[in-house]
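The values are calculated or read from the model by the stated rules, or taken from the named source; none is laboratory data. Note that the structure is predicted; figures quoted are calculated from it, not measured. Neighbour counts are summed over all protein chains in view; Cβ atoms, including those assigned to glycine, are modelled from backbone coordinates with ideal geometry. SASA here: full protein model, heavy atoms, side chains in, ligands and nucleic acids out. Shrake-Rupley method; radii C 1.70, N 1.55, O 1.52, S 1.80 Å.
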Amino acid sequence: MRVLPRCGGKTRTDRRFVQGVPELLVEVAHTSRYTDLGPKLEDYERAGVPEYIVIALEPDQVFWFVLRDGRFIDLPPGPDGIFRSEVFPGLWLDPSALLAGDTRRLRAVLDLGCATPEHTDFVGRLAKAGSGPGS
C-alpha cells in the first residue's frame, strides 16, 4: 500500500512502474518463508519501508514489522490480539481471523479501526495534503 505522492507519499509512478518506497508491503510466504523473513526483510529495511507484513504459511503465522531508527522491529498485536498499523491509522488486522479465513471477522475488525478518531484524523490529513498547492 502506498500514500499518493500528492498526499505526501514517497512513491512516484513512471508510466508502467512505481518508483520509490511504498509505505506498507505485504508478502504471503508459502514456500518462501526464509526469503521473506531473511533477505527480503533486510532489503526492505535498508530501503526504508515503514511497515512490512509477512503472512507465513505452514506453520501459519503473521509477522508485522515497523521501521524504527532504520531497523525493523516486531510490532506486537494489542492485548486483544489485533495488529494496528502505525503508518495507516485505522488499518487493523485480526491475524487469527485471517489465518482461519473468517472474512466476516476480518471486516468487522477493519470497520472498528476505520471508526476510530485516529483514522478520521489520518483521512483528514491526506485530504488536506491532497488539496494543497501543486495537487
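Some points to look at:
- Residue-normalised convex hull volume from the C-alpha trace of region 31-99: 86 Å³ per residue.
- Here the convex hull built on the C-alpha positions of region 5-56 has a volume of 83 cubic angstrom per residue.
- Surface composition of the chain: carbon and sulfur atoms hold 55% of the protein heavy-atom accessible area at a 1.4 Å probe.
- Taking 0.36 nm per residue of sequence separation and removing the Cα-Cα distance, the residue 11/residue 69 pair yields an extension gain of 18.8 nm.
- In the context of the full set of protein chains, residues of the chain present 62 Å² of accessible surface per residue (probe radius 1.4 Å, heavy atoms only).
- With Rh defined as the Kirkwood radius, the inverse of the mean 1/r over Cα pairs, the Rg/Rh of the chain is 0.98.
- Here's the picture: a label point sits 7 Å out from the Cα of residue 4 along the beta-carbon direction, and within region 94-135 the residues with their amide nitrogen under 17 Å of it are 122-135.
- Span from the region 107-123 Cα centroid across to the region 2-31 one, whole angstrom: 22
- Added length on full extension, which subtracts the Cα-Cα distance from 0.36 nm per residue, residue 86 to residue 103: 3.9 nm
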